[in-house]
2 protein chains.
Amino acid sequence: MKKFINKPENVVTEMLEGFAAAHPNVIYSGKDTEVIYRRQMDPGKVGLVSGGGAGHEPAHAGYVGRGMLDAAVSGNVFASPSPDRILYALHKVDTGAGVLLIVKNYSGDVMNFQMAGELARREGISVESVIVRDDVAVEDSTYTTGRRGIAGTVFVHKISGGAAMKGKDLLEVKKIAEKAATNVRSMGMALSGCTLPGVGQKGFQLGEDELELGMGIHGEPGIYHGKITDVQNLVGKLMGYLMKDLDYTKSETAVMVNGLGGTPLMELYIVFWEVKKYLEGAGIGIYKAYVGNYMTSLEMAGCSVSLLKLDEELKTYLDMDTEVSIWK
Amino acid sequence: MKKFINKPENVVTEMLEGFAAAHPNVIYSGKDTEVIYRRQMDPGKVGLVSGGGAGHEPAHAGYVGRGMLDAAVSGNVFASPSPDRILYALHKVDTGAGVLLIVKNYSGDVMNFQMAGELARREGISVESVIVRDDVAVEDSTYTTGRRGIAGTVFVHKISGGAAMKGKDLLEVKKIAEKAATNVRSMGMALSGCTLPGVGQKGFQLGEDELELGMGIHGEPGIYHGKITDVQNLVGKLMGYLMKDLDYTKSETAVMVNGLGGTPLMELYIVFWEVKKYLEGAGIGIYKAYVGNYMTSLEMAGCSVSLLKLDEELKTYLDMDTEVSIWK
């Protein structure tokens, strides 16, 4: 295992210390809670909290900032944060207008965010949640009942953030977040597994000419394991799964080509170019494109494509300003 | 070789097609010239052109936009762009105020940018250039006489961009760019080599527990090749070289922890945390921090640290707005 780390058991704490030191608009809560939250909340605005296991950076701490999340809760690497950490974040962000929890669909995350929400409700805080299940690859998976939540979740962060900034109330923000979650589909493909700090070997192995289509961001099994081909062919396969699952005909879309950590930007732009040509051929417009590392899986080589079907309301919130530097 | 590509000989063209399709504020000139330039120039502003071999994305196309570069010229992977490509970019960006060329110190780049500048001058365009030599690791290298230019160059892009936007004339912009180039030092460390598209093997090999300190962004040899240790120790070594080379005492600095393509953001933030502690211990302030992939080497696992010594003038231009989404 070759990584720039000190002790494996300290990676989350040291990363978040570094994160907060680099981004003066946020505060790091410390190692007992592992929460990154905004230095200044907006009184009367619905609070937005997301999070999950570490190892997916910039998700989720990287999306904390005006116009997106108010706090992100981190678990250990690939492990859900405990309810007390999530409750800590809820306390930090609630200014009276209630809090929306944005949760990727993993059993541990769903359970712990629900439990924290219940505890907060007993204290009189209004809490709602939206669960994102954008990965079309498989029903049920290693850590999931139903579909997994992956990079499309970042669109839900952005759109919820816009709606909350516009002064929508908790139930309205929830409704808009659910529309975004309902309208987004994603799927990934990997050229390599990744190695957890402290574990000596990769989560899964691929041969020198092999690729896995539809794997999860923790290395969960996908739907196709075989020879790598040219990217036009791979994108065609992947897009076929997305198209089969939602009617994008004549829609405008936001497209995200998301690197999984170990794939250079050069390849992500080549993937995007194939996605663009595919969509043009299908008569589907691209309103905005996002190419980069948005939700990673440590140093996994691979990428995912997310496709968000837009309407005027979603466009408005997607376009709103945010101070989050990873977004644009 | 596992990459998301079609044919190795088309990677630059397809990447730049994808880049321009994702960023509507720029235009791609086509495969004969491989230039990305701003859709709308600012009349009367000094033009800024940079570039070099491909494989360092987001450098350089990713820095084209209002407030930074006006055009970026790409060669093939790790190969300098030819003078005619650079001349094409010069024609695109000159609006009468002249053009500054920002060149990383590699013999091929220096020669070709100089030749293009000379050709443009004969046509009556005012051209100046600044050469960046920020890598303190070695004097002279595989492709370089003197020191290599690496990620610190992006600071020169940003600061020149700010000065040009402020309406400074060509010689003033050059002077400010030279101050930035004089005040920045960088050094890298790698955990793996990288593989050029079309080449079957990595540019250099490292054992399972080995690291190379001071290698170049094309895999040029560094100054130390040995066992990997904890990141505190590695950062201490690397910072020692930077400190020895320039007096940062009591200065404020801009710090860049730059990923080389295959290293996850988690590790970059841990590196930054160690850099911050090191600088605090030395009584050196951090004015702004940049952590991410700014100048890569395909999928190389590794990072570099750049340290820019600031004064009020440099701060002003560093802080100015830019539409470049990779910057903040």
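The values are calculated or read from the model by the stated rules, or taken from the named source; none is laboratory data. What you see is a predicted model; the values in this text were computed from it and never measured. Quick reminder, even Gly has a Cβ in these numbers, built from the backbone with ideal geometry, and neighbours come from all protein chains shown. For the accessible areas, the whole protein counts, side chains as well, though only heavy atoms, and no ligand, DNA or RNA atoms are used. Shrake-Rupley method; radii C 1.70, N 1.55, O 1.52, S 1.80 Å.
Screening segment B:215-255 for residues that are more than 22 Å from the chain's Cα centre (by Cα) and among the β-branched types (Val, Ile, Thr) and picking the one that is farthest from the other protein chains (Cβ to nearest Cβ) gives B:THR249.
Take the conditions (1) part of a strand (DSSP E or B); (2) open to solvent by 30 Å² or more (accessible area, probe 1.4 Å); A:MET187 misses just one of them, which is (2). Which residues, counting only those in segment B:196-210, are in contact (Cβ under 8 Å) with a residue 24 or more places away in the chain and surrounded by 14 or more Cβ atoms within 10 Å (Cβ to Cβ)? Scanning segment B:196-210 gives B:LEU196, B:PRO197, B:GLY198. Residues that are closer than 18 Å to B:GLY302 by Cβ and open to solvent by 50 Å² or more (accessible area, probe 1.4 Å) within segment B:227-251 comprise B:LYS227, B:THR229, B:ASP230, B:GLN232, B:ASN233, B:LYS237, B:TYR241, listed in sequence order.
Being open to solvent by 50 Å² or more (accessible area, probe 1.4 Å) and closer than 23 Å to A:LYS104 by Cα is a property that A:TYR290 lacks.
If you go through segment A:63-81 and pick out every residue that is open to solvent by 10 Å² or more (accessible area, probe 1.4 Å) and either assigned by TED's automatic domain parsing to the domain that holds A:CYS194 or assigned to a loop (DSSP other than H, G, I, E, B) (or both), you end up with 4. Among the conditions (1) in contact with a Lys or Arg (Cβ under 7 Å, 6 or more places away or on another chain); (2) in the same structural domain as B:MET215 (by TED's automatic domain parsing), the only one that B:GLU274 does not satisfy is (1). One residue stands out among those in segment B:280-328 that are of a type in the set (Ser, Thr, Tyr) and assigned to a loop (DSSP other than H, G, I, E, B): the one that is nearest to the chain's Cα centre (by Cα), which is B:TYR294.
State whether the residues of segment B:51-61 include one that is away from chain A (no Cβ under 14 Å), in contact (Cβ under 8 Å) with a residue 24 or more places away in the chain and under 27 Å from B:SER141 (Cα atoms). Scanning segment B:51-61 turns up at least one residue that is away from chain A (no Cβ under 14 Å), in contact (Cβ under 8 Å) with a residue 24 or more places away in the chain and under 27 Å from B:SER141 (Cα atoms). Just checking, how many residues over segment B:252-278 are touching a residue at least 40 places away in the same chain (Cβ under 8 Å) and buried (at least 19 other Cβ atoms within 10 Å of the Cβ)? Here the count works out to 15. Residues of segment B:21-39 that are closer than 15 Å to B:GLU323 by Cβ and aliphatic (A, V, I, L, M): B:ALA22, B:VAL26, B:ILE27, B:ILE36.
Of the residues making up segment A:4-26, none is surrounded by fewer than 23 Cβ atoms within 10 Å (Cβ to Cβ), within 12 Å of chain B (Cβ to nearest Cβ) and in contact with a Leu (Cβ under 7 Å, 6 or more places away or on another chain). Consider B:ASP84 carefully, then state whether it is surrounded by 24 or more Cβ atoms within 10 Å (Cβ to Cβ), of a type in the set (Asp, Glu), in the same structural domain as B:GLY161 (by TED's automatic domain parsing) and part of a helix (DSSP H, G or I). No: the conditions fail for B:ASP84.
Residues of segment A:71-115 that are within 21 Å of A:ASP135 (Cα to Cα) and acidic (Asp, Glu): A:ASP109 alone.
The set of residues from segment B:153-175 being surrounded by fewer than 24 Cβ atoms within 10 Å (Cβ to Cβ) and assigned to a helix (DSSP H, G or I) comprises B:MET165, B:LEU170, B:LEU171, B:GLU172, B:LYS174, B:LYS175. The residues of segment A:179-211 that are more than 12 Å from chain B (Cβ to nearest Cβ) and touching a Pro at 6+ places or on another chain (Cβ under 9 Å), listed by number, are A:GLY198, A:VAL199, A:PHE204.
When the residues of segment A:120-130 are narrowed to those that are crowded, with 22+ Cβ neighbours inside 10 Å and assigned to a strand (DSSP E or B), which ends up nearest to the chain's Cα centre (by Cα)? Residue satisfying both the conditions and the ranking: A:VAL130. For segment B:176-214, filtering for residues that are more than 22 Å from B:VAL255 (Cα to Cα) and of a type outside the set (Ser, Thr, Tyr) leaves 18.
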